[in-house]
Structure formats: C-alpha cells, structure tokens
Amino acid sequence: MRQGKVKWYNGKKCFGFIAPDTPNEDGNTDDVFVHSSSLKNADLRFLNEGDVVEFEEEVRNGKLSVTTIKMIQRDEESAKRFQERRAERRRAREERKSHEEKKHSGFAFWKK
C-alpha cells in the first residue's frame with residue numbers, strides 16, 4: 001500500500017484526489033482519484049485536506065483510482081475548520097427558518 005495526503009475532497013460531489021508520497025511500481029506520481037464508495041468500504045465518512053492515508057489503486061478508465069483506503073492520521077486543523085464551517089451553515093439555516101416562521105406567523109386581519 002502507498003501513503004499520501006488528501007489534496008482535496010468534496011463531500012457533496014463525492015470525490016477528491018490524493019497526492020501520493022512515493023511513485024507506484026510504474027513510476028507514476030500523478031494524483032490518485034478517490035470516490036466516496038472507497039470511503040464507504042473503509043467505514044470513513046469524509047476526508048479533509050491534509051489527512052494522511054494509506055491506499056491501494058488500480059487503473060480505471062485510463063486513470064489511477066483508489067480501491068481501498070485506510071486513515072493513518074487526521075489533519076486536526078482541517079477537521080476543526082470543517083466543523084466550524086458546518087456549524088456556521090447550520091446556524092444560518094436555522095436563522096433563515098426562524099425568520100421565515102416569524103414572517104408568516106403574523107395576524108391576518110382580513111380573516112374572520
């Protein structure tokens with residue numbers, strides 16, 4: 001298995017790329033595509049930029065793709081930023097919902 005760092009991963013799009021530390025047996029050092037199905041098989045919910053992972057790959061459609069993946073070290077700073085952004089989006093969503101409820105809960109004077 002090779003090791004590398006997560007270059008980026010988008011949970012909404014369900015894919016990302018890993019930058020390997022060493023070349024594979026063919027001498028290839030290109031970034032490796034990772035799909036959410038590989039994460040699901042490894043019981044991982046998400047990847048953060050900078051996470052160190054161990055992986056096996058194969059060529060699919062002419063490109064390197066991760067087949068199995070294992071978390072070696074979570075990048076805590078990236079994980080913290082991700083959790084903060086997630087909490088901020090949740091607060092904004094709840095605020096919009098609360099504002100909409102207040103807007104529609106007024107007394108309708110034309111109703112009897």
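The values are calculated or read from the model by the stated rules, or taken from the named source; none is laboratory data. Small disclaimer: the values here were computed from a predicted structure and weren't measured. Cβ placement follows ideal geometry from the backbone for every residue including glycine, while neighbour counts extend to all protein chains displayed.
Scanning region 7-51 for residues that are basic (Lys, Arg) and either farther than 17 Å from Arg74 by Cβ or part of a loop (DSSP other than H, G, I, E, B) (or both) yields Lys12, Lys13, Lys40, Arg45. From the list Arg81, Arg74, which one is closer than 19 Å to Gln3 by Cα, at pLDDT below 90 and either exposed (fewer than 11 other Cβ atoms within 10 Å of the Cβ) or not hydrophobic (A, V, I, L, M, F, W, C) (or both)? Result of the check over Arg81, Arg74: Arg74.
Counting only residues that are in contact with a Leu (Cβ under 7 Å, 6 or more places away or on another chain) and among the aliphatic types (A, V, I, L, M), which one in region 1-33 is surrounded by the fewest Cβ atoms within 10 Å (Cβ to Cβ)? Only one residue tops the list, namely Val6.
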